[in-house]
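Structure first, then comments.
The values are calculated or read from the model by the stated rules, or taken from the named source; none is laboratory data. Please read all numbers here as calculations on a predicted model, not as lab measurements. In this analysis, Cβ positions are derived from the backbone assuming ideal geometry, glycine residues included, and neighbour counts consider all displayed protein chains. Note: areas computed on protein heavy atoms with side chains; ligands, DNA, RNA excluded. Shrake-Rupley method; radii C 1.70, N 1.55, O 1.52, S 1.80 Å.
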Amino acid sequence: MNVKNIASGSYDEILVEDGFYILKIQNDTREPKLIERDIDSTYIQFHFCLKGKSKFNFNEGNYYLEVNEENSLLLYNTQKDLPLDLVVSPGSWLLSVVMTIRKFHSLFSNEADYIPFLSDENKEKKYYSQEMVSPATAVVLSQLMNYNLHPSIKKLYLKGKVYELISLYFNKTEDADLEQCPYLADEDNVRRIRMAKEIMISRMAEPPTLAELSQEVGLSLKKLKEGFKQIYGDSVFGFLFDYKMDYARKMLETGKHNVNEVGLKVGYSTASHFIASFKKKFGTTPKKYLTSNV
């Protein structure tokens, strides 16, 4: 399993143990990034999109699957190599777990029937699955992306967290005893932070203040600010600024709206303020941007 080509951007590959890797991919640039990596048919792949979106190409680009924010992709095919041919959109974060099928089998040796593709009738077939990331899983993903540990315990911490991640991925019980669930408080916080993100997006032209937002979602200001930064990698208003500028850029590209209309749509009462913000984000004015993209 060798890395063939990695475009510029943040890519970190961590060996947990033999046949068991974590791939941390962060594209904080303004350009899509291509990542290619050999992964043969003896491996199972779990891909989690924490932020933005990414496109997985297969069969030399003849087929692809897009994975959006807060979604996951499981790839299992014992008959065919599935090399990583990944286009990571600007502002996107992914965390992937890649392990040998033999290693994966050993984790569930006594519960093979619980995992659909490990049953005797399916174990030689391909299995692809896309699912929403649960709040509990989002907490662990955030911990795996953001940690500050002494090097001597880093490997042990990561190993424990990855096992926790895989366990939560396959935990399909809907009516678990909530009082016994150690993730309940964190899950609830994640739900509220996601709600905060949706509120800011839906009211981007006239967003609430942080104090109003924290009251609306039922989180303290401190928890809202820290949790939002941990999950989305930016402050609430930093995230909103990037979202508004990307939204504005897409509106302009349709050719159906002038600069004033777009500025008003994303919350700028004057064109000059909108133009200044657009230039801060993209390094050029809306008009010049459109001219260069004709």
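Please give the helix 236-253 orientation as an angle from the longest Cα principal axis of the chain, in degrees from 0 to 90, rounded to the nearest 10.
70
Per DSSP H run of at least 4 residues, take -39500 (n - 2.57); add these up for the chain, divide by its residues and hand me the 222 nm value, nearest 500 deg cm²/dmol.
Roughly -12500 deg cm²/dmol at 222 nm, from the helical runs in the chain.
List the residues whose amide H sits under 5 Å from the amide H of residue 71, counting only those 5 or more places along or on another chain, with H placed 1.01 Å from N in the peptide plane.
Those qualifying (amide H under 5 Å, at least 5 residues apart or on another chain) are 49, 133.
Near residue 279, which lysines are there with a Cα under 26 Å away, not counting those fewer than 8 places off in the same chain?
Within the straight-line limit of under 26 Å, residue 279 reaches these lysines: 33, 51, 53, 197, 229, 244, 250, 256, 265, 287, 288.
Pop a pseudo-label 7 angstrom from the Cα along the beta-carbon direction at both residue 38 and residue 276 and give the gap in nm to one decimal.
5.4
What list of ³J(HN,Hα) values in whole Hz, one per residue of the stretch 263-278 in order, does the Karplus curve 6.51 cos²θ - 1.76 cosθ + 1.60 (θ = phi - 60°) give from phi, with Gly and Pro shown as x?
Whole-Hz 3J(HN,Hα) from phi for the stretch 263-278: x, 5, 4, 9, x, 10, 6, 10, 5, 5, 5, 5, 4, 5, 5, 4.
Return one quarter of the surface area of the convex hull spanned by the alpha-carbon atoms of the stretch 35-92, equal to its mean projected area, in nm².
Averaged projected area of the stretch 35-92's Cα convex hull equals 3.7 nm².
If I stretch the segment between residue 261 and residue 55 completely, what's the gain in nm (0.36 nm per residue apart, minus their alpha carbon distance), one decimal?
Once the chain is fully extended between residue 261 and residue 55, it gains 71.0 nm.
Keeping the other protein chains in place, figure out the carbon and sulfur percent of the accessible area of the stretch 200-294, with a 1.4 Å probe.
Using a 1.4 Å probe with all protein chains present, the stretch 200-294 comes out at 54 percent carbon and sulfur.
Evaluate the distance, in nm, between pseudo-label points positioned 7 Å from the Cα of residue 102 and of residue 284 along their respective Cα→Cβ axes.
Going from the residue 102 label point to the residue 284 one covers 5.3 nm.
Quick check: residue separation of residue 131 and residue 204 times 0.36 nm, minus the Cα distance between them. What number comes out in nm?
Separation in residues times 0.36 nm, less the Cα-Cα distance, equals 23.5 nm.
Over the alpha carbons of the stretch 7-106, what is the largest minus smallest coordinate on each principal axis, giving the biggest first in Å?
40, 31, 24
Using Cα atoms only, what is the angle between the long axis of helix 151-169 and the major principal axis of the chain, expressed in degrees (0 to 90) to the nearest 10?
Helix 151-169 and the main axis of the chain meet at about 90 degrees.
If you average the alpha carbon positions of the stretch 215-245 and of the stretch 16-42, how far apart do those two centres end up, in angstrom?
Cα centroid to Cα centroid, the span is 27 Å.
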